[in-house]
Ligand code: DC
């Protein structure tokens, strides 16, 4: 892999519900880049494991499932707020993978080294294909360490819980704000203390806190960072 291979990758990492996906979509649109939310892969695998009756601690069964299932991301075909179509063995599971049931165990599923390895190859292939905004936890540190731009997006846990709660309510999910805050804290703890690829900012990442900023303001900040890295022009569309 040459040092320049991933110049056109914008890596956006950060904790759950920091606003990464929404902001990344707008940024990708402005830059004419593909949006690749890598959490979708872990979520689709988690959904498939629930359906198959596999325990979240059963690493080998999860890897075997990851290798035999067909996960595909495609540009959205339905205008219902989705960022992309997520297809699991051909079935549209875009919203099913965002359910509280998946939220509750996805951190455990994604904590296994072999599970992460099984999904890594796929992520790198997509990253090499062209201009892409990649969203995740370890894009700048592990998946694409030579990304042209690395951003670490953060916000306080209370702010993130408020946003995730509003999002779930809008979709008709009945959960309390306290439950969401507990869930976010629990996931932060698992994501940042796991042995394999823990959530942390890459040393050369630009850290951006979204507390008190609107989505448009955050997108403006990120757009400025990307363009500054390409000397005033969008290297992504070059
Ligand atoms: O961003 P999200 O909430 O959709 O991510 C779901 C889970 O997947 C989350 O617990 C962290 C994990 N994840 C990961 O470990 N590495 C990534 N690159 C993306 C997500």
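Read-outs throughout are calculated quantities, based only on the coordinates presented, and are distinct from any laboratory measurement. Since the structure is predicted, the reported quantities are computational estimates derived from the model, not experimental observations. Cβ coordinates were reconstructed from backbone atoms using ideal geometry, including for glycine residues, and neighbour counts include every protein chain displayed.
Run the helix sum for the chain: -39,500 (n - 2.57) per DSSP H stretch of 4+ residues, divided by residue count, reported at 222 nm to the nearest 500 deg cm²/dmol. Walk me through the numbers on the way to the answer.
On the way: 8 runs with 108 residues, N = 238.
One gets -14500 deg cm²/dmol as the mean residue ellipticity at 222 nm.
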Of all C-alpha pairs within segment 1-40, those more than 12 angstrom apart amount in percent to 63
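In what order do 77, 210 fall by count of nearby beta-carbon atoms within 10 Å, going from fewest to most? Kindly include the intermediate steps, with their values, before the conclusion.
On the way: 77 11, 210 22.
Least to most surrounded, the residues fall as 77, 210.
Quick one: compute the contact order of the chain, relative version, from alpha carbon pairs under 8 angstrom and 6+ residues apart, as a percent.
On the way: 375 pairs, mean separation 79.5, N = 238.
It rounds to 33 percent for the chain.
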Check: C-alpha center segment 105-178 vs C-alpha center segment 28-56, spacing in Å is 9
With the convex hull built on the alpha-carbon atoms of the chain, volume per residue in Å³ sits at 123
Output ordering of 9-16, 52-59, 150-157 (per-residue mean of other Cβ within 10 Å, highest first) is 9-16, 150-157, 52-59
